[in-house]
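J.: Okay, here's the structure, questions in a sec.
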Amino acid sequence: MLAIATHGERILGLTAQPVQLFDEPLAALAEKMLETMKLAQGVGIAAPQVGQGIRLFIMASHPNDRYPDAPLMAPQVVINPQILKRSGKMLAGEEGCLSLPGERVQILRHESIEVRYQDLSGEWQQEWLQGFIARIFQHEYDHLEGLTLRERLEIQNQGAGS
Ligand code: NI
């Protein structure tokens, strides 16, 4: 299991860099991240959370103790992601983060998003995501921009106050 960075560690506040090489070490990192995420009962994990400042995350929604109502999907490795379109509709939902043990907060996310990303072989994928899976994608994407739930909550509260 890889060590998971907790809030306050510098790596979590940095903008992650694009992945250039789709090689064996990248696949091995993704495999270790998947194992780490499963052991921690997460539904997603981003490379900066394991000390790697690159634009890669895994989303893997499945019902578990932390998210009993989560839909089941095969784990997906997401590399160099882009959010192309965002629904006007936003939904509030409870989120936690492996880097913020024990914290749960209500976060507003776009209900659906159109995304584009590369898989482990470097192939581009494009799809619409919605609901909980769209939520995971937006949460993990934030990690690549150096934002955790705490910073997202601050942005949200500033928006509400203006
Ligand atoms: Ni997180």
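No lab work stands behind these numbers, since they all come straight from the coordinates. Everything quoted here is computed from the prediction, not taken from an experiment. Here the Cβ positions follow ideal geometry from the backbone for every residue, glycine too, while neighbour counts run over all protein chains shown.
J.: Please give me, ordered by residue number, the trypsin sites (Lys or Arg not before Pro) of the range 31-110 that lie in loop per DSSP and have at most 15 other Cβ atoms within 10 Å.
T.: Numbers: sites: LYS32, LYS38, ARG55, ARG66, LYS85, ARG86, LYS89, ARG104, ARG109; in loops: ARG55, ARG66, LYS89, ARG104.
Passing both the DSSP loop test and the Cβ count: ARG66, LYS89, ARG104.
J.: Using +1 at the C-beta of Lys and Arg and -1 at the C-beta of Asp and Glu, which of PRO101, GLY122, ALA60 has the Cα lying farthest in the positive direction of the dipole of the range 1-159?
T.: Working it through, the farthest residue towards the positive pole turns out to be PRO101.
J.: Could you tell me which of HIS110, ASN157, ILE133 has its Cα farthest along the dipole of the chain towards the positive end, charges placed at Cβ (Lys, Arg +1; Asp, Glu -1), taken about the Cα centre?
T.: Toward the positive end, the furthest listed residue is ASN157.
J.: Over the Cα atoms, compute the radius of gyration (one decimal) and Dmax (the largest Cα-Cα distance, rounded to a whole number) for the chain, in Å.
T.: 14.8, 48
J.: Please list, ordered by chain and number, the residues whose modelled amide H lies under 5 Å from the amide H of SER61; skip anything fewer than 5 residues away on the same chain.
T.: It is MET73, by chain and number.
J.: Based on Cβ point charges of +1 for Lys and Arg and -1 for Asp and Glu, what charge dipole magnitude is obtained for the chain about its Cα centre, in debye rounded to the nearest 20?
T.: Working: 14 positive and 20 negative charges, 70 e Å.
Computed about the Cα centre, the dipole is about 340 debye.
J.: By the gyration tensor of its Cα atoms, with a ≥ b ≥ c the square roots of the eigenvalues, what is the shape of the range 69-159: rounded for a/c under 1.5, prolate for a/b over b/c, or oblate? Provide the component values of the computation, followed by the final result.
T.: On the way: a/c = 1.62, a/b = 1.47, b/c = 1.10.
Here the range 69-159 falls in the prolate category.
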